[in-house]
Amino acid sequence: MPALALAPRSLPRAADEAERFVCGAMLVNRACGAMLGLAIGDALGATVEFMTAREIAARYGSHDRIRGGGWLRLPPGQVTDDTTMSFALAEACLDAGGVPTAAACADAFDAWMRAKPVDIGNTVRRGIVRWRLHGSVAAEPSNDAGNGATMRCLPVALATFGAEPHTVRDATLAQARVTHHNPLTDAATLCVVDMVQVALAGGGIGAVLARAHALVAAQPRFAFRGRRCENPSGFIVDTMRAVLQAIDGNDGFAAVLVDVVNRGGDADTTGAIAGMIMGALVGETGLPPDWRRQVAVQVRRDCVRLATGLIELAPGYAAG
Ligand code: MN
Ligand code: MN
């Protein structure tokens, strides 16, 4: 009776269905953890942005609460350009059903700037103005290796999870080059996308750090083992060295974030980048509940909505 013998194979087994559901749920958990982690790091770090480590210690001892203030005089739980530019790129990915064109990214950033963000980097502003004036989707190669393309890369990491490497690379660089065109910025942005995707796949901290060491092998200026990087500037090498030292030297989301923002300097951006990587590792359910609650409620809702929408678009989600 061949028909009967084939039946079990033609119907999905309950165990397979359950496994697919658990994989999907774990991916959504990690994707939401990454987006919420980005917002938490931004909100936590914004209070001490442009302060020195010494000034932070004198004022707060250890700055470990989301309390608002800072040079932007933010309400507690509010976020800055690191998160809101990521939201703009995330919406562009959702509109595109995956990977937006460079022009769609530029349009999204343009609309974001028109909405008068609380802060904006010089290189980002220059890039958006160039798009407005000339309609060119990529900046000319330059020595300007700012961190603005890296801080907003998370939506691409989520939407292209499980895609072909060249697709991930092209999408990462297309969004980056709207404003930044520099080999160091390119390398760091590709590395952060890679680290997030490794964490989404369940690779754990060892796999994430292996990516950091690969970055250093390719671009030795990112070497992070050694002298402690304090008061990191908006130069991507400083930013990444502070982030990688904090991830390398601490255990868990909270310890990494407290370490990196208390170094001062561009603390909302180091917090945002460390937050997205660590958040992808621990997942939404692994985030410190107090910090999660302290993020403004509308920001939290957007994080969950966008991260869920993006990961559901990813080839790696459908394949799970
Ligand atoms: Mn910012
Ligand atoms: Mn910043």
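The values are calculated or read from the model by the stated rules, or taken from the named source; none is laboratory data. Quick caveat: nothing in here was measured; it's all calculated off a predicted structure. Positions of Cβ are backbone-derived with ideal geometry, glycine not excepted, and every protein chain shown enters the neighbour counts. Surface accessibility is based on the protein's heavy atoms, side chains included, excluding ligands, DNA and RNA. Shrake-Rupley method; radii C 1.70, N 1.55, O 1.52, S 1.80 Å.
With the structure loaded, tell me whether A296 is under 22 Å from G202 (Cα atoms) and either buried (at least 20 other Cβ atoms within 10 Å of the Cβ) or small (G, A, S) (or both) or whether it fails that test.
no
Do you know which residues across the range 215-249 are open to solvent by 60 Å² or more (accessible area, probe 1.4 Å), in contact with a strand residue (DSSP E or B) (Cβ under 8 Å, 6 or more places away or on another chain) and hydrophobic (A, V, I, L, M, F, W, C)?
Correct list: F235 only.
Select, from F253, F235, F222, the only residue that is within 16 Å of ligand 1 (Cβ to nearest atom) and not polar (S, T, N, Q).
Working: F253 fails: within 16 Å of ligand 1 (Cβ to nearest atom); F222 fails: within 16 Å of ligand 1 (Cβ to nearest atom).
Of F253, F235, F222, the one residue that is within 16 Å of ligand 1 (Cβ to nearest atom) and not polar (S, T, N, Q) is F235.
Considering each residue of the range 45-74, count those that are under 30 Å from G203 (Cβ atoms) and in contact with a Leu (Cβ under 6 Å, 6 or more places away or on another chain), and give that number.
Residues that pass the stated criteria total 2.
If you check R301, R305, which single one turns out to be part of a helix (DSSP H, G or I), within 19 Å of T80 (Cβ to Cβ), more than 16 Å from ligand 2 (Cβ to nearest atom) and out of contact with any helix residue (DSSP H, G or I) (no Cβ under 6 Å at 6 or more places or on another chain)? Spell out the reasoning first.
Working: R305 fails: within 19 Å of T80 (Cβ to Cβ).
One residue alone meets the criteria, R301.
How about the range 79-112: which of its residues are within 13 Å of ligand 1 (Cβ to nearest atom), polar (S, T, N, Q) and either assigned to a loop (DSSP other than H, G, I, E, B) or surrounded by fewer than 15 Cβ atoms within 10 Å (Cβ to Cβ) (or both)?
T80
Tell me which of these E55 doesn't satisfy, since it passes every other one: (1) assigned to a loop (DSSP other than H, G, I, E, B); (2) surrounded by fewer than 21 Cβ atoms within 10 Å (Cβ to Cβ).
(1)
So, in the range 139-158, how many residues would count as being open to solvent by 10 Å² or more (accessible area, probe 1.4 Å) and charged (D, E, K, R)?
Selection size over the range 139-158: 2.
Please work out which residue is farthest from ligand 1 (Cβ to nearest atom), limiting yourself to the range 113-138 and to residues that are part of a loop (DSSP other than H, G, I, E, B) and surrounded by 12 or more Cβ atoms within 10 Å (Cβ to Cβ). Before the answer, list the steps.
First, the residues of the range 113-138 that are part of a loop (DSSP other than H, G, I, E, B): 115-121, 135-138.
Filter once more, keeping what is surrounded by 12 or more Cβ atoms within 10 Å (Cβ to Cβ): 117-121, 136-138.
Values: P117: 9, V118: 8, D119: 5, I120: 8, G121: 8, S136: 25, V137: 24, A138: 23 Å.
The selected residue is S136.
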